[in-house]
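Data block below; observations after.
The values are calculated or read from the model by the stated rules, or taken from the named source; none is laboratory data. All values derive from a computational prediction rather than experimental measurement. Every residue, glycine among them, receives a Cβ derived from its backbone with ideal geometry; neighbour counts consider all protein chains shown. Side chains included, ligands, DNA and RNA excluded: accessible areas come from the protein's heavy atoms. Shrake-Rupley method; radii C 1.70, N 1.55, O 1.52, S 1.80 Å.
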Amino acid sequence: MLRTAGILKLAAVVFAFLLAIYLAFQLLEVKMDFRLGSGMVKSVPEQEGFVKPVRYKCGLSKACPMGHFAFKMASGAASVVGPKMCLEDKLLMSGLKNNVGRGINIALVNGRTGELNKTEYFDMWAGNVAPLIQFLKGIQDGTVVMMASFDDPSTKLNEEARKLIADLGSTAITNLGFRDNWIFVGGKGIKTKSPFEQHIKNSADTNKFEGWPEVLEMEGCVPQRQD
């Protein structure tokens, strides 16, 4: 019995290690995109006749118009790799910055200046929803709110928390379920539903990873608040 238990434990450790490697390779393209946004193009040697490729903020595929903030973000991958958020070429949240965690990850940005006000994450599996509700109620008007899931974002969510997030412009929050992947950019005081949102359900029929859906990635241009 002890020998069998030891073999099973070793098999579990090996499986987790292989899963981590697999996810790391799957996310290589996402990581490269974020690094590009941080200036990897500068390392390309200049040659005669060489045209340096245009680099847009956060590695976007095209430049944002005047009066807009460029952003790029990705959800977490399974329970292994955390989410990433970039705004105006500044990495706001990531595993490398050690400021992401299981549940819902949130970055608050000044809607007029684009400056980061605060980052926080709330464990919606083993945590308590009360701190999340308090945090959401304290968001000031004119704040750009960026949110990304990691592992499980919904188990502890209640109707009050969902309503507060919906008031920021989210439509998917009402259907956010166990281990769904979700990324969203909205704002406090927004008058319409946000166009910046992606949601994919956790489904055994479509999951890319064992027990989790594929990584979501989104980029865009958030209008700067003028008033």
* Checking residue 4 against (1) closer than 28 Å to residue 181 by Cα; (2) of a type in the set (Ser, Thr, Tyr); (3) modelled with pLDDT under 95, which test does it fail? -> (1)
* Can you spot a residue in the stretch 198-206 that is surrounded by 20 or more Cβ atoms within 10 Å (Cβ to Cβ) and touching a helix residue (DSSP H, G or I) at 6+ places or on another chain (Cβ under 8 Å)? -> yes
* Structure fact -> Here the residues within the stretch 120-138 that are touching a helix residue (DSSP H, G or I) at 6+ places or on another chain (Cβ under 9 Å), among the hydrophobic types (A, V, I, L, M, F, W, C) and not in a helix (DSSP H, G or I) are 122, 124
* Asked: Only one residue in 180, 167, 205 is charged (D, E, K, R), without any contact (Cβ under 8 Å) to a residue 40 or more places away in the chain and in contact with a His (Cβ under 8 Å, 6 or more places away or on another chain), so which one is that?
  -> 180
* Asked: Has the stretch 155-173 got at least one residue that is open to solvent by 60 Å² or more (accessible area, probe 1.4 Å) and closer than 29 Å to residue 70 by Cβ?
  -> yes
* Find the residue count for the stretch 139-179, including only residues that are more than 16 Å from the chain's Cα centre (by Cα), closer than 30 Å to residue 227 by Cα and assigned to a helix (DSSP H, G or I). => 6
